[in-house]
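Take a look at the structure set out below.
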Amino acid sequence: MVGVSDNVTGLVLAISSSVFIGSSFIIKKKGLINATGPRASDGGFSYLKEPWWWIGMTTMLVGEGANFAAYAYAPAVLVTPLGALSIIFSAVLAHFILEERLHLFGVVGCILCLVGSVTIVLHAPLEKEIESVREVWHLATESAFIIYCFIVMIAVGVLIYYHVPRYGQTHMIVYIGICSLLGSLTVMGVKAVGIALKLSFGGSNQFKYFETWFFTLLVIIFCIMQMIYLNKALDTFNTAVVSPVYYVMFTTLTILASMIMFKEWDNQSASQIISELCGFITILCGTFLLHKTKDMGGTPTVTSPVFYASGRSLSSRHGEL
């Protein structure tokens with residue numbers, strides 16, 4: 001029953017995180033739009049002078065803090081897919097604040113994200129009891145996860161040094177790919193640090209171990225890199241597209257990394273695993289529909305838009321995947 005209680009705590013923290021993070025996308029984008037000087041997409045940092053960007057950054061930090069805590073209590077298979085809720089907040093706020101339209105299919109996409117999230121919550125595995133951060137270190141140094149880390153770092157290096165200069169301004173998948181690949185490793189580090197904090201507050205100091213500080217340094221470095229490339233993506237492409245595509249890639253890679261490292265599905269039945277996969281696929285369908293709404297922005301009709309406001313279409317000044 002301790003595992004059930006922890007899952008509930010993780011669930012509440014994950015939902016709170018989605019509210020803050022979904023809002024932060026819009027607030028940060030407003031700051032990027034208002035910035036004068038070299039754009040983030042061109043390597044500039046003029047957005048650092050914009051109060052809106054800092055408000056958005058603060059909101060994101062609060063959301064990430066709640067997300068950070070959620071990983072200490074619940075498995076990544078439960079916490080990460082709930083990030084779909086941030087897409088809903090982001091898409092709706094983008095319509096009203098940034099005048100990026102949300103059409104009928106976008107609303108259906110939001111509903112699918114909710115249905116998929118509920119399905120995953122109902123069938124999520126219970127968190128395994130971990131008594132020391134050194135147990136996490138042992139899991140992280142197994143051969144299967146080492147191979148995964150090596151593949152990720154090679155892929156990130158190729159994207160940064162080869163694809164960013166050539167295709168970064170026209171193919172959103174480049175920036176989002178970097179964020180998602182690094183994000184999958186970041187979540188594993190966050191989970192390790194979160195467990196260390198949880199155990200330390202419980203009276204078992206984990207910060208006397210080298211492994212805790214290593215995971216902490218890893219999280220800091222990867223978070224900074226993700227922030228830089230996510231800002232580039234937001235400044236170059238439409239928020240309503242960046243958010244769901246980032247979610248799909250990030251969630252898929254994070255669940256894969258979690259399966260390899262924590263083996264969270266080992267004690268689940270086939271029906272539970274299938275239900276979770278169906279929930280995840282439902283969420284993917286929802287994000288796909290949200291993505292497709294960008295192609296409907298240029299030809300508004302009386303019946304197709306559910307939320308309508310005058311302004312530039314979703315596809316203007318943005319590249320294709």
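A simple packing score, the average count of other Cβ atoms within 10 Å per residue, orders the peptides 74-85, 166-177 as 74-85, 166-177, with the highest score first.
Remark: the Cα gyration tensor places region 161-290 in the oblate category, a/c being 1.5 or greater and a/b not exceeding b/c.
Note on residue 147 and residue 166: their simple-model spin labels are 2.8 nm apart, each label 7 Å out from Cα toward Cβ.
May I ask you to give the percent of accessible area on the chain that is carbon plus sulfur, with a probe radius of 1.4 Å? Could you put the intermediate results ahead of the total?
Numbers: 10130 of 14160 Å².
Summing carbon and sulfur atoms, their accessible area is 71 percent of the total for the chain.
Please arrange 184, 23, 16 by accessible surface area, largest first, computed with a 1.4 Å probe and ligands excluded. List each step's numbers first, then the result.
Working: 184 0, 23 25, 16 45 Å².
From most accessible down to least: 16, 23, 184.
For a test of the definition: using alpha carbon positions, the gyration tensor, and the 1.5 limit on a/c, classify region 53-137 as rounded, prolate or oblate. In terms of gyration-tensor shape, oblate.
Taking 22 Å as the straight-line reach from the Cα of residue 49, the lysines in range (excluding those fewer than 8 positions away in the same chain) are 28, 29, 30, 232.
Quick check: from the Cα gyration tensor, does region 72-226 come out rounded (a/c under 1.5), prolate or oblate? Could you put the intermediate results ahead of the total?
On the way: a/c = 2.28, a/b = 1.34, b/c = 1.70.
It comes out oblate by the Cα gyration axes.
Taking all protein chains into account, the per residue accessible area for the chain stands at 44 Å² (1.4 Å probe).
At a 1.4 Å probe radius, which order do 111, 273, 87 fall into by accessible area, largest first? Numbers along the way, then the final one.
Working: 111 95, 273 35, 87 5 Å².
Result of the area sort, largest leading: 111, 273, 87.
For the chain, the longest principal axis of the C-alpha atoms and the axis of helix 104-123 are separated by about 10°.
Rolling a 1.4 Å probe across all protein chains gives residue 128 an accessible area of roughly 90 Å². Heavy-atom accessible area, probed at 1.4 angstrom with all protein chains present, ranks 5, 132, 143 as 143, 5, 132, highest first. Computed on the chain, with alpha-carbon pairs under 8 angstrom and 6+ residues apart, the relative contact order is 28 percent. All C-alpha to C-alpha distances of the chain, sorted into 20 Å bins beginning at zero, yield P(r) values of 32, 58, 10, 0 percent in whole numbers.
Could you name the lysines in cross-link range of residue 208, using Cα to Cα under 25 Å and dropping any fewer than eight places away on the same chain? Residue 208 reaches 128, 191, 198.
The values are calculated or read from the model by the stated rules, or taken from the named source; none is laboratory data. What you see is a predicted model; the values in this text were computed from it and never measured. Every residue, glycine as well, gets a Cβ built from its backbone with ideal geometry; the counts of neighbours run over all protein chains shown. When the accessible area is computed, the model is the full protein with side chains, heavy atoms only, and any ligands, DNA or RNA have been set aside. Shrake-Rupley method; radii C 1.70, N 1.55, O 1.52, S 1.80 Å.
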